[in-house]
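The structure appears below as structure tokens.
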Amino acid sequence: MNPLSVVVRTVCDLFAWFMIVFGVNVLLHGYVTPGGGFQGGAIIATFIAFLLVAYGGRRVASRVNDRLFDLFEEVGLLVFFILAFLGLPVTFFFNFLAKPLAESAGGFIPGVGTVALMSVAVGLEVTGALSLIILTMHRGIRMFRGEDLEPETGHDR
Amino acid sequence: MVKKTVFVVAAILLGAFVIGAVDGAHPFGDPGAAPMDDYFLANALNDISAENIVTAIVFDYRGFDTIGEAAVLFTALTAVATLLREGRRKP
């Protein structure tokens with residue numbers, strides 16, 4: 001995958017980070033607005049795809065650390081399962097942190113309780129999983145082409 | 001011969017159960033289980049102060065589905081990583 005022109009790279013430098021900001025916004029406010037864990041995670045994972053398209057595979061593969069996304073995936077899934085199991089004295093997936101509407105004002109955790117926390121956890125998991133899938137599939141393309149891979153050159157370098 | 005008879009009887013029994021199950025199923029095209037929908041709409045906001053009832057259903061009332069979705073994503077990642085891992089021998 002060759003890097004694209006300087007225009008695309010500059011736009012990527014300027015605006016790619018706002019994808020992460022928007023994704024985190026969708027993810028954190030999933031319990032109020034449309035969106036949630038899956039959608040926010042998918043938006044954040046778009047960042048990696050955008051970097052791959054704009055900068056080419058070799059440069060991204062040398063900079064990006066897979067273990068970070070591994071960690072995201074594991075922590076997200078574990079937090080999700082643990083929150084589900086913590087409600088087990090009543091039922092699986094019992095919302096043990098939720099408060100009724102009358103007394104839900106204030107507090108660090110919103111009144112919906114585990115819904116908000118699980119949304120963030122699933123968002124982490126989706127971010128890690130989709131980013132890893134994109135990176136691994138790209139690496140697979142390079143692997144199957146063999147050694148006669150042409151050097152990655154863009155339009156201007 | 002005995003084996004054949006057993007199989008035929010079992011097939012007839014199974015067919016009867018299937019026909020009975022299909023007959024007793026909810027009619028197609030008829031929005032079913034309206035009491036459950038009404039329960040969500042009436043009680044989600046007051047009980048767990050969920051402003052967004054869709055998220056409340058996805059992560060609380062039917063969280064078991066969400067575990068399945070997360071498992072699907074995890075399985076997809078495992079499959080991709082298994083197929084395309086590095087250090088694979090050349091064919």
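Its Cα gyration tensor gives the range A:28-71 an equivalent ellipsoid, and the semi-axes of that ellipsoid, as √(5λ) in whole Å with the largest first, are 27, 13, 5.
Placing +1 on the Cβ of every Lys and Arg and -1 on the Cβ of every Asp and Glu, with no other charges, gives the range A:6-145 a dipole of roughly 660 debye about its Cα centre.
Restricting to Cα pairs below 8 Å that are 6+ residues apart, what does the relative contact order work out to for chain A? Please round to a whole percent.
Worked out over chain A, it gives 33 percent.
Evaluating 6.51 cos²θ - 1.76 cosθ + 1.60 at θ = phi - 60° for every residue in the range A:78-88, the Karplus couplings come out as 5, 4, 4, 5, 5, 5, 5, 6, 5, x, 5 Hz, glycine and proline recorded as x. Averaged over peptide A:113-120, the number of partner chain Cβ atoms lying within 10 Å of each residue's Cβ comes to 5.
Consider all pairwise Cα distances in the range A:6-145 and report the whole-number % of them above 28 Å.
Working: 2889 of 9730 pairs.
The share of Cα pairs beyond 28 Å in the range A:6-145 comes to 30 percent.
Computed over the protein assembly as shown, the percent of Cα pairs more than 23 Å apart is 64. Comparing chain B with the 2.2 N^0.38 Å rule of thumb, its C-alpha radius of gyration ratio is 1.94 (two decimals). Relative to the dominant Cα principal axis of chain A, helix A:37-55 is inclined by about 10°.
Within the listed set A:ASN65, A:ASN25, A:ASN95, the Gaussian network model of chain A (springs between alpha-carbon atoms below 10 Å) gives the highest mean-square fluctuation for A:ASN65.
All of the numbers you see were taken from the coordinates with simple rules; none came from a lab. Fair warning: this is a prediction, and the values are worked out from it, not measured in the lab. All Cβ positions, glycine included, derive from the backbone under ideal geometry; neighbour counts span all protein chains shown.
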